[in-house]
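J.: Okay, handing you the structure first.
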Amino acid sequence: MPKLKIEDLEKIREQVKRTTALREGSGFRAKVNVHMGTCGIAAGARTIMNAFIKELETRDVHDVLLTNSGCAGLCSQEPMVTIEIAGQAPVKYVNLTEKKAQEIFEKHVLGGTIVKEYALGIGSEKTDY
Amino acid sequence: MVNLTIDGKQIQVEESATILQAAKKAEAKIPTLCYHPVVEPYAACRVCMVEVSLKGKADLVTSCNTKVQEGMDVQTNSERALRARRLNVEMLLARAPAAEPLRQIAKELGIKKTRFAVKDPEEKCILCGLCVRACEQIVGASAISFIERGTERKVSTPFGEPSEACIGCTACAYFCPTGAITCEDKYGRKVIHEEMYLGPTTAIRVPSRQAVPMVPFIDKEACIHFKTGECKICAKVCDREAVNYEMDDTLRDLEVGSIILASGFKPFDARRIPAYGYGRFPNIITAMEFERLVNASGPTGGKVLMANGEEPKAVGIIHCVGSRDENYNAYCSRVCCMYSLKFAHLLGEKTKATIYDFYVDMRCFGKGYEEFYHRLLKEGTKFIRGRVSEINDLALTEKEEGKLIIRVEDTLIGTVRRIPVDMAILAVGLEPSVDHNQLAKKFNISCSQDTFFLERHPKLAPVSSFTDGIFLAGTCQGPKDIPDTVAQAGAAVSEALALADAGKVELEPITAEIDDELCSGCQICVGLCPFTSITYDKDKGISVINDALCKGCGTCVAACPSGASQQKHFRDAQIFAEIEGILLV
Amino acid sequence: MSNGTFEPRLVGFLCNWCSYTGADLAGTARMVYAPNIRIIRVMCSGRVDPQFVLKAFREGADGVLISGCHPGDCHYQEGNYKALRRHRLLSKMLEQFGIEKERFRLEWVSASEGTKFQLVCNEFTEQIRKLGPLNLHQNGGRHEQGQA
Amino acid sequence: MAEKAKDKTYRLHLMVCAGTGCVSNHSYEIKEALEKEIKKHGLENEVTVVPTGCNGFCERGPILVVQPGNIFYQQLAVKDVPHLVEEHFLKGRLVSKFMYTPPEEKKPVPVLNDIPFFKKQVLIALRNRGLIDPEKIDESIARDGYKALVKALTEMTPDKIITEITLSGLRGRGGAGFPTGLKWQLVRNAASSNGGGKYIVCNGDEGDPGAFMDRSILEADPHAVIEGMVIGAKAIGATAGFVYVRNEYPLAVQRLSIALDQARDYGLLGSDILGTGFDFDIQIKRGAGAFVCGEETALMASIEGRLGEPRPRPPYPAQSGLWGKPTCINNVETWANVPMIINRGAKWYAGIGTETSKGTKVFSLVGKINNTGLVEVPMGISLREIIYDIGGGIPGGKAFKAVQTGGPSGGCIPREKIDLPIDYESLTEAGSMMGSGGMVIMDQDTCMVDIARYFLSFTHEESCGKCTPCREGTKAMLDILTRITAGKGTEEDIGLLQDLALSIKDSALCGLGKTAPNPVLTTLRYFRDEYEAHIRTKKCPAHVCRQLNIYTINPETCVKVGRGCDVCRRNCASDAITGQKNEAHVIDRAKCIKCGVCFDVCNFGAVKVD
C-alpha cells in the first residue's frame, strides 16, 4: 500500500465516517423511522426500507438517521414511516410505496416540506429514542 | 567543587563524588556490604543509608550511589538512618547468619540476635551481587547472575549448569565478602618448583627472574582483558600509567640477504614415559627443574630441597630419558651425560646426599670431559650401569617406606636392584623445537631421520641448508653441547658474511627460457610457475620468463606443448640424448 | 637381449634436492642395491616431461622410476605435485599402449632416506624381473619404423 | 472487497464487545451466530456486525450494543441470538429480556447512556471503546484518529506540543502522577550522549491484581496509543519507541501488532511520516509477567535484555534511560490521552477534573461490587459516586467496608472516607495512592488483616529480591501477618509491623518496595481494632481467618429445621462431627481443623461460626 499523505488521511476519514456515523447517535438533522412490525413487513416495509437506504447512498447523505421500529398500531395503513426533522414534531406517512418514499425523502427529509398528500398526521407520539 | 556538611563537618569534595566518598574524607564511618570501589554501586543492601537534608527536604538515601550536591546536610547516624540500617542488618542477619562481615556490622550496631525467622543458620550469601558485578563489569564474562525472585533469589549460572561463559578466573570468589563462593584448588600438589609447571601462571609477569630487560609483560593467553575486554585492574592500580593494552605484536618486513636458523630444541617430555612416574610422584623432577632449583636465583635460593622442604638423603640421576630408546628417540642427545655429571657434582657440593647415577654408556667425548668423569668417580658418586626400568613408591621393606624406589638392572654385576631414593632427576634428552615442522616448511628445508634440520652435506657443507642463503646453527640441526653450538654458529655467520662481502650473488644457471618464435601464447606455463616468474606479454602474444625470479625447477618446460620453453642445461634434447645414452648398453 | 637370467634395464628420473641426494647418501653409506637402475638427474620431479618416459620405454627401458621430494617438501614448492598428476595420467595412457602400469613408478624419497632408495631400487628391480622384458621391439614397435 | 465494505452503508451496526472479558465469555461465538442468523434472514446488506474493544461493563458480558439507538444488550448466549435477530433486527422490536436492569429497579433500561454505569462516565482515553473495530485503522481514522498527529506534525513545534501538554495538566497515569509535560520537557532538554537518539517507551506491564485498563485500551483503541507515542516522539525528538506489554495479554499484543502494521502501511509510522520528513517507529517488547518490570528502570533493563530488576535513580530515565539514552516512559493510558489534548486543546482538558489533577482517570472496579468493570471518570469524583452510582453498590445489600486503590502498592480507604474526591493528592493523603487505577471494593465480610496479608503475599512473591528491605522486609511482614491471622500474634507484633512498614517505606530501592507496606500501614491506621481483636481475643471479626473461628452446631436448628440431614458429617474431612439422621450433630472441637466445610454445606444455617 502506498504511504499516505495528509490529504489522503482526510479522505479516508470522510469516507469511513459516512458508514460509521450511524454509531455516533447524535448530530442528525432528521430521523427516518420505518415501522417494521409483522404487519409492516407483510405490507412491504422492507421495500420502503431499502428505498430509503438507496436514497441515502445515491444522494450521499450522512446526517439522516434511518432506523426501524415495531408496529405503530395502525396496521391497516402499513407500510408506515415516521419522519422527524430535528427540533420539529414527527410526521407519519401511511400507505407507502417505493415511489412515495423517494418523494418524501426528497421533499420532506431533504427539503423540509411535508408531503401532505401521503401524511397521516403531525405530532403523533414520540418514539423512545 | 561542592560544599556540604557531613555530621556537622563542613567539607569540600569533587562534583562527581558520592556521599560515601565524601564521608571518607570527613572521616565519618558508614558501614557497607554491597559496595566495592572497583565495581558500579548497586544500592541493594541498604546498609549505607544516610539521612540527607537539602533545601529543607530530608530523605534517606544510599550513600554508595548518591552524588553529592551543593548544600547537602548529611547525617550518617541520624535516628531515622540508624533505624533503617539496623532493621536492614537485622533482616539480613536472618537470611545469612553465617556471613562474617554482616555479623561484624550487626555487632557494631548493637544487634545481638535477629527477631526474624532464620531459614538456614549456615547461609553465608547476603545477595550483595558483588560476584555478579565483578563477573560482568571486571571480567566481562557475565557467567553468573541472579536467578529466581524475592527470597528465593540466588546467584547461579544459567540453568544451574556449568557455564561455558565462565573462564575460571575465580574473581567471584575473590570478590565475595562472606566466603559464600569458594573455589577448588585443582592443583593439589604444592611443590616448591611449582613456578615451573604447576598452577595457572599470572597474566602479568617477567619472563624469568634473570630476564634482560627486566620488564613485565602481559600474557595475552592468560589475561582476562584480552578474553573479555574488561578488567583492566592493572591499569587502575599502576600509578605510573605504564600499562598499555594497545601495544601489540608487530609484524616487520625485513629484507635480508641470508638467514641463519637457530631455532634450538625442546626438552623431551618426561610424562611420555609413565614408568618413570613424572607428574605422579612428588620429588621426581626433570633436569630443567633441577637447574632452576639449584640456581641461586631460584625459588629456594639455590638449596636442594624436596617438596616438604627437607634436604634429600639420597638422589638418583637417570640418564638417557627419551634418548637412545627405540620407543622414543633413537639418537643420542649428546649433552645429558655431561650435565648429569655436573648435577652429581653440584649435589655433592650442596648436600650430604648419597648420589646414584644410572647410565647406559658414559659418553664423555669432549675436551676435559673424561677427566671430569674420573673426578666424580673419586668424589664418591655411585655409578650404576643399566637402564632404569621403573620408578615407583611401592615399599617392600621398612627401609623403603616413604621413598622412591628405582628399579634397574645393574649390567656390570648382572642383577636387578632396587635403590630407594628421596629425589630422582630425569636427564631428559633433546628434541627439535615446537615449531620445528612449520619452520621446515616455511624455509623449505629437509629434515633428517632424527627430525632435526638436514645440512647440505655432513662433511663439506655442515652449516648450509639446501636452500641458498639459509644456514643452520645449533641444536636445530642436531643435539650438541654449548662449545659445538658456538662453533657452528660462528661458521654460519662466516658463511653469511662471505655472501654479504661478495656483494653479489650468482644466479642459478639452470633457469628456463622461452623461445619467442615457438611460443604460441597458450599461457599453460603461467599458471604452473610457483614463483610467478612467468607473465604473459599481451603485445607480443607470448609468455615471458623473469630470470631473477626463476628458480629453475623446469615444471613449465615439461608442460610446454610447443617446446618453446626450455631449461638451460636440462634441455629436452639433452635429456633425450641422456636417455638414449644410458640405454645403449 | 641376453640369455640366461633376465636383467631389467630401469631408468630413474631423480630430483636434484631429495631423491638424488638420497641416492647419493645410499652411495656414500655404501649400501648395496640392484645395479639395474640408470639414473638421470633433473632439478625437480616436475621437470619430468611425459615424453621422457615414453622415450625411455622406446629406447628399451623395462621400467621407469620417477622420484621426488615428499609432498610438501618440494624445493620448488609444488613441482612434485605436478609430477604426481602427470604420473596418474601417463599410467592410464601407458596401459592403452600395452605397457603394464607396474613398469612406471613414482616414489617419494627424501635426502635422508638412503635406505628407502635402496629398498625402492631392489623392489622395483624384482618387480620388473617378474614381469619380464617389455619387448616393444618384437611387437613391431621399433623406433626405426617411426612413431604413430 | 474491503474497499466495497468501506463504502457500504448499513442500517444497523451491531457492536459486539471483543475485549478479553467478553471474549472469554464467548463473544466471538455470539458474533458468528449473529452473522449466521442475519444471513438466514437475508439482512446481510442491512445489518453489519463489528467486533469492538472492551465496553467496560465486563460484569455483564458478553455485551452487544446496537447502533443507531445505543441499545444495550447484555449477558447474551448463543441460543438467544435467533430470537434477538428476529425480534429486533428483523421486526424492530426491542427485546427487553436481554436488557440490563439496575439492582434497585424493576424495569430494564434499554439505552446504554441511561444505564447508571455509563451515565456518569466521561470518555477520553476510552473514547473509541465500543465504537470502532480495533483491527481496522480506517474506523479509527473516521473517529478522528491521527488527526492530532497531523496537527502536531504540521502546525506545532516540539515546544508548542510540550507547552500544550503541560498546560493541560496531564499527569502520569501509571501511578506516581508525575506531570507529563514536565517529563517531556526534561527528556527534550536532556543531551543525548554517545551518538544521539532518544527513546519513547509505553509502559503496558500492567501487573496490579484486578487492574486491566491498559489491556482494555490496547485492545479497544491501539491507534490512540500509537498516535500519542508518535506525537510524544515529535515533542522530545525520539526516533524509536517500544511498547512493553505483558505476554499474558495475547489479544492486546495481537491487536497492537495489527495496528502497528496498518499504521506502517499507511505511512503513519516509519520513515517520513505523512510526508512530513519525521521518522519514528515502534516495536513491541513482550514482558514475561514479572510485576517489578512495571517499574520503569526494571522495565528498561528488561527491554535491553537484561535481568528485570530496578536500579537506583537518579539517573532518571529522562537523563539516562534505554541504552543510556534519554528516554520518556509513560503509561498506556497517558499516551491514549495525548491525541485528545492536542485535538481539543489544553484548555478543554484542564477544564475537567480538580485543581491539581486534570482530566479523567480509568478505574477498574472489582471485588464486592455489583457492576464489575472498567470506568472512566473525571478526576474529583467521589468514591461514593463510583461505588454506588456507577458501581451499583455492594451485592447482597451488604455494607461497604473499604476500598483498596492503587493495587498492592496502594492502601485501604475506609467507609468514613467514602465522600473523598478522588485525585492524586487526596488518595496519598489518605495513605493510599492513585496507582494504575485498580479499585478493589470490600464489604463487611472482609477481614482487613487478611487483606493486608493477601497484598503482602503478592508483593513478597513479586519482589525482585535486589534490595534488602523489600526482599527480607516483605517476608518478615508476611510472616507476622500470617502469624496474626493464625491467632499466634503477640502484642509486640503490631509495633514490629509498624516499624518494619515505616522502615521499608523509607529505605527500599524502588517504588515496589517503597509502597509495599501501604496496605499494612493503612489497615493499621483505619482498622487497628481488627488487628487487636486477632491478637487479644483471638477472633476474626469477619470470620475470614478460619484458624480463629470456632464452629458449633445449633442442635435445635439442626434437628428441627434440618432434621439432622447428616451432610455436615459426611463432608467433614477430619471426622470431627458425630450424629445420625434426625438427630442433632455435634462438632468435636479437639478434632476440628476449622476448614469451614460444615458451615458452607449446611443448608439450614445450623452451623454457627464464632
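J.: Check off (1) of a type in the set (A, V, I, L, M); (2) modelled with pLDDT of 90 or more; (3) surrounded by fewer than 18 Cβ atoms within 10 Å (Cβ to Cβ) for D:A288 and give me the number that stays unchecked.
T.: (2)
J.: Confirm whether A:R29 is at pLDDT below 80, at the interface with chain D (Cβ under 8 Å from one of its Cβ atoms) and within 20 Å of the chain's Cα centre (by Cα).
T.: no
J.: In addition: When the stretch B:210-236 is examined, which residues are found to be part of a helix (DSSP H, G or I) and surrounded by 14 or more Cβ atoms within 10 Å (Cβ to Cβ)?
T.: Residues satisfying the conditions are B:I224, B:H225, B:F226, B:K227, B:T228, B:I233, B:C234.
J.: Looking at (1) exposed (fewer than 15 other Cβ atoms within 10 Å of the Cβ); (2) within 14 Å of chain C (Cβ to nearest Cβ), which is the only condition B:I524 fails?
T.: (1)
J.: Let me ask you something else. Please specify each residue of the stretch D:154-178 satisfying the condition of being hydrophobic (A, V, I, L, M, F, W, C) and surrounded by fewer than 21 Cβ atoms within 10 Å (Cβ to Cβ).
T.: D:M156, D:L167, D:A176, D:F178
J.: Starting from residues that are among the acidic types (D, E) and either under 19 Å from the mean Cα position of the chain (by Cα) or assigned by TED's automatic domain parsing to the domain that holds D:T405 (or both), keep the ones in the stretch D:333-381 and report whichever is surrounded by the most Cβ atoms within 10 Å (Cβ to Cβ).
T.: Ranking the qualifying residues of the stretch D:333-381, first place goes to D:E333.
Residue-by-condition table, conditions (1) under 24 Å from B:L412 (Cβ atoms); (2) hydroxyl-bearing (S, T, Y); (3) modelled with pLDDT of 95 or more:
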site: B:D269; (1), (2), (3): no, no, no
site: B:Y278; (1), (2), (3): no, yes, no
site: B:M288; (1), (2), (3): no, no, no
site: B:L293; (1), (2), (3): no, no, no
site: B:E311; (1), (2), (3): no, no, no
site: B:G316; (1), (2), (3): yes, no, yes
site: B:K342; (1), (2), (3): yes, no, yes
site: B:F358; (1), (2), (3): yes, no, yes
site: B:C364; (1), (2), (3): yes, no, no
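J.: Could you please give the count of residues in the stretch B:429-458 that are part of a loop (DSSP other than H, G, I, E, B) and either within 15 Å of C:A111 (Cα to Cα) or in contact with a strand residue (DSSP E or B) (Cβ under 7 Å, 6 or more places away or on another chain) (or both)?
T.: 15
J.: Among the residues of the stretch C:1-53 satisfying the criterion of being among the polar types (S, T, N, Q), in a helix (DSSP H, G or I) and within 17 Å of C:F104 (Cβ to Cβ), which is farthest from the other protein chains (Cβ to nearest Cβ)?
T.: C:S19
J.: Only one of D:L269, D:L251 is buried (at least 21 other Cβ atoms within 10 Å of the Cβ) and in contact (Cβ under 8 Å) with a residue 40 or more places away in the chain. Can you tell me which?
T.: On inspection, the qualifying residue turns out to be D:L269.
J.: Continuing with this model, one more query. Of the numbered conditions (1) away from every other protein chain (no Cβ under 11 Å); (2) within 21 Å of D:Q67 (Cβ to Cβ); (3) outside any loop (DSSP other than H, G, I, E, B), D:R129 satisfies every one except a single condition; which is it?
T.: Looking at each condition in turn, D:R129 falls short on (3).
J.: Same structure, new question: Could you check, for the stretch D:384-395, whether at least one of its residues is more than 19 Å from D:I451 (Cβ to Cβ), touching a helix residue (DSSP H, G or I) at 6+ places or on another chain (Cβ under 6 Å), touching a residue at least 40 places away in the same chain (Cβ under 8 Å) and not assigned by TED's automatic domain parsing to the domain that holds D:T180?
T.: Checking the stretch D:384-395: at least one residue is more than 19 Å from D:I451 (Cβ to Cβ), touching a helix residue (DSSP H, G or I) at 6+ places or on another chain (Cβ under 6 Å), touching a residue at least 40 places away in the same chain (Cβ under 8 Å) and not assigned by TED's automatic domain parsing to the domain that holds D:T180.
J.: Do we find a residue being in contact with a helix residue (DSSP H, G or I) (Cβ under 9 Å, 6 or more places away or on another chain), part of a helix (DSSP H, G or I) and surrounded by 22 or more Cβ atoms within 10 Å (Cβ to Cβ) anywhere in the stretch D:200-214?
T.: Scanning the stretch D:200-214 turns up at least one residue that is in contact with a helix residue (DSSP H, G or I) (Cβ under 9 Å, 6 or more places away or on another chain), part of a helix (DSSP H, G or I) and surrounded by 22 or more Cβ atoms within 10 Å (Cβ to Cβ).
J.: Considering only the stretch B:388-428, give the strands (runs of 3 or more DSSP E) lying wholly within it that have at least 2 residues that are of a type outside the set (S, T, N, Q) and over 15 Å from B:C320 (Cβ atoms).
T.: Ranges flagged: B:404-410, B:415-421.
J.: For the stretch D:394-404, name all the residues that are at pLDDT below 90 and crowded, with 22+ Cβ neighbours inside 10 Å.
T.: Listed by number, the list is empty, since nothing qualifies.
J.: Right, another one. Take B:C553 and decide whether it is surrounded by 14 or more Cβ atoms within 10 Å (Cβ to Cβ) and either free of Cβ contacts under 8 Å to residues at least 24 places away in the same chain or in a loop (DSSP other than H, G, I, E, B) (or both).
T.: yes
J.: Quick one: which helices (runs of 4 or more DSSP H) lie wholly within the stretch D:507-610 and hold at least 1 residues that are of a type in the set (A, V, I, L, M, F, W, C)?
T.: The helices (runs of 4 or more DSSP H) meeting that bar are D:511-515, D:518-526, D:555-560, D:567-571, D:597-601.
J.: Hey, any hits in the stretch B:6-14 for a residue that's under 22 Å from D:S503 (Cα atoms), in a loop (DSSP other than H, G, I, E, B) and either in contact with a helix residue (DSSP H, G or I) (Cβ under 9 Å, 6 or more places away or on another chain) or not aromatic (F, W, Y) (or both)?
T.: Yes, there is a match, as at least one residue in the stretch B:6-14 is under 22 Å from D:S503 (Cα atoms), in a loop (DSSP other than H, G, I, E, B) and either in contact with a helix residue (DSSP H, G or I) (Cβ under 9 Å, 6 or more places away or on another chain) or not aromatic (F, W, Y) (or both).
J.: Shifting gears a bit: Name the strands (runs of 3 or more DSSP E) wholly inside the stretch B:32-88 in which the number of residues that are of a type in the set (A, V, I, L, M, F, W, C) is 3 or more.
T.: B:49-54, B:57-62
J.: Quick one: which of C:S110, C:S67 is facing another protein chain (nearest Cβ under 10 Å), hydroxyl-bearing (S, T, Y) and crowded, with 18+ Cβ neighbours inside 10 Å?
T.: When all the criteria are applied, what remains is C:S110.
J.: I'm told B:G8 meets every condition in (1) away from chain D (no Cβ under 14 Å); (2) at negative phi except one. Can you identify the failing condition by its number?
T.: Condition (2) is where B:G8 drops out.
J.: Could you list, in sequence order, the residues of the stretch B:409-438 that are surrounded by 23 or more Cβ atoms within 10 Å (Cβ to Cβ) and not charged (D, E, K, R)?
T.: B:V421, B:M423, B:A424, B:I425, B:L426, B:A427, B:V428, B:G429, B:L430, B:P432
J.: Anything in the stretch B:542-562 that is facing chain C (nearest Cβ under 7 Å), touching a helix residue (DSSP H, G or I) at 6+ places or on another chain (Cβ under 6 Å) and not β-branched (V, I, T)? List them, or say none.
T.: Within the stretch B:542-562, B:C553, B:G554, B:A558 meet the criteria.
J.: Shifting gears a bit: I need the full set of residues from the stretch A:95-119 which are surrounded by fewer than 19 Cβ atoms within 10 Å (Cβ to Cβ) and closer than 13 Å to A:V34 by Cα, in order please.
T.: Answer for the stretch A:95-119, where residues must be surrounded by fewer than 19 Cβ atoms within 10 Å (Cβ to Cβ) and closer than 13 Å to A:V34 by Cα: A:N95, A:T97, A:E98.
J.: Oh, and also: Only strands (runs of 3 or more DSSP E) wholly contained in the stretch D:289-395 count here; list those with 3 or more residues that are β-branched (V, I, T) and within 25 Å of D:G511 (Cα to Cα).
T.: D:360-367
J.: Considering only the stretch B:51-88, how many residues are hydrophobic (A, V, I, L, M, F, W, C), buried (at least 24 other Cβ atoms within 10 Å of the Cβ) and within 11 Å of chain D (Cβ to nearest Cβ)?
T.: 3
The values are calculated or read from the model by the stated rules, or taken from the named source; none is laboratory data. This is a predicted model, so every value here is computed, not measured. Virtual Cβ from ideal backbone geometry, glycine too; neighbours counted across all protein chains shown.
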